[in-house]
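A.B. asks: Before we start, here is the structure in question, set down as structure tokens.
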Amino acid sequence: MEYTKLGKTGATVSRVGYGGAAAGLKNYLHAFDPENTEDRRRIIASIEESLASGINYYDTAPAYGDGQSEAILGEALEGVKASGSYPLFLS
């Protein structure tokens, strides 16, 4: 994974980030319901794969499914402090 500095913050983040819109918005990119257990499990698996790839930058917002994206990311990232050798950065 390639990393870069995030603006003037000095934070080191992966050049590839994980966008949370698809995790919270119903049918955003394809048939998906964040309240469906199996759909949720697949999103969590993709977040786990992103961590294994070294992605440490995650984006979410309350508007992504009325907080569903935040809830799913919180569930998947609970207790995780870093990816690769860099701390997680959640925006």
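A.B. asks: In the stretch 39-52, is there at least one residue being within 15 Å of Asp66 (Cβ to Cβ), open to solvent by 80 Å² or more (accessible area, probe 1.4 Å) and either part of a helix (DSSP H, G or I) or not β-branched (Val, Ile, Thr) (or both)?
C.D. replies: Scanning the stretch 39-52, I find no residue that is within 15 Å of Asp66 (Cβ to Cβ), open to solvent by 80 Å² or more (accessible area, probe 1.4 Å) and either part of a helix (DSSP H, G or I) or not β-branched (Val, Ile, Thr) (or both), so the answer is no.
A.B. asks: Taking the conditions exactly as written (over 9 Å from the mean Cα position of the chain (by Cα) and open to solvent by 50 Å² or more (accessible area, probe 1.4 Å)), does Gly7 satisfy them or not? Please lay out each step first, then the result.
C.D. replies: Working: over 9 Å from the mean Cα position of the chain (by Cα): yes; open to solvent by 50 Å² or more (accessible area, probe 1.4 Å): yes.
Here the answer is yes, as Gly7 does meet what is asked.
A.B. asks: Right, here's the next one. Looking at Tyr58, Tyr28, Tyr64, which one is of a type in the set (Phe, Trp, Tyr), touching a Gly at 6+ places or on another chain (Cβ under 8 Å) and assigned to a loop (DSSP other than H, G, I, E, B)? Talk me through it step by step, then tell me what you get.
C.D. replies: Numbers: Tyr58 fails: assigned to a loop (DSSP other than H, G, I, E, B); Tyr28 fails: touching a Gly at 6+ places or on another chain (Cβ under 8 Å).
One residue alone meets the criteria, Tyr64.
A.B. asks: Which number in (1) within 12 Å of the chain's Cα centre (by Cα); (2) open to solvent by less than 50 Å² (accessible area, probe 1.4 Å); (3) of a type in the set (Asp, Glu) marks the one condition that Asp33 misses?
C.D. replies: So Asp33 meets the others, but not (1).
A.B. asks: Pairs please, first residue from the stretch 38-57 and more than 20 Å from Lys81 (Cβ to Cβ), second anywhere and of a type in the set (Gly, Ala, Ser), Cβ atoms under 6 Å, 6+ apart in sequence or on different chains.
C.D. replies: Close Cβ pairs (under 6 Å, with a partner that is of a type in the set (Gly, Ala, Ser)) amount to Ile43/Ala23.
A.B. asks: Answer yes or no as to whether Ser91 is open to solvent by 30 Å² or more (accessible area, probe 1.4 Å), in contact (Cβ under 8 Å) with a residue 24 or more places away in the chain and among the polar types (S, T, N, Q). If you could, list the steps in order and put the result at the bottom.
C.D. replies: Values: open to solvent by 30 Å² or more (accessible area, probe 1.4 Å): yes; in contact (Cβ under 8 Å) with a residue 24 or more places away in the chain: yes; among the polar types (S, T, N, Q): yes.
The answer is yes for Ser91.
A.B. asks: Just to be sure, is Ala21 small (Gly, Ala, Ser), open to solvent by 50 Å² or more (accessible area, probe 1.4 Å), within 26 Å of Glu2 (Cα to Cα) and in contact with a strand residue (DSSP E or B) (Cβ under 9 Å, 6 or more places away or on another chain)?
C.D. replies: Numbers: small (Gly, Ala, Ser): yes; open to solvent by 50 Å² or more (accessible area, probe 1.4 Å): no; within 26 Å of Glu2 (Cα to Cα): yes; in contact with a strand residue (DSSP E or B) (Cβ under 9 Å, 6 or more places away or on another chain): yes.
Taking the combined requirement at face value, the residue does not satisfy it.
A.B. asks: Right, another one. When you check Glu2 against the structure, is it without any contact (Cβ under 8 Å) to a residue 60 or more places away in the chain, in contact with a strand residue (DSSP E or B) (Cβ under 8 Å, 6 or more places away or on another chain) and either under 20 Å from Gly74 (Cα atoms) or open to solvent by 100 Å² or more (accessible area, probe 1.4 Å) (or both), yes or no?
C.D. replies: Details: without any contact (Cβ under 8 Å) to a residue 60 or more places away in the chain: yes; in contact with a strand residue (DSSP E or B) (Cβ under 8 Å, 6 or more places away or on another chain): yes; either under 20 Å from Gly74 (Cα atoms) or open to solvent by 100 Å² or more (accessible area, probe 1.4 Å) (or both): yes.
Yes: the conditions hold for Glu2.
The values are calculated or read from the model by the stated rules, or taken from the named source; none is laboratory data. Keep in mind that what you see is a predicted model, and the values were worked out from it rather than measured. Positions of Cβ are backbone-derived with ideal geometry, glycine not excepted, and every protein chain shown enters the neighbour counts. Ligands, DNA and RNA are stripped out before the accessible areas are found, and what is left, the full protein with its side chains, is counted by its heavy atoms. Shrake-Rupley method; radii C 1.70, N 1.55, O 1.52, S 1.80 Å.
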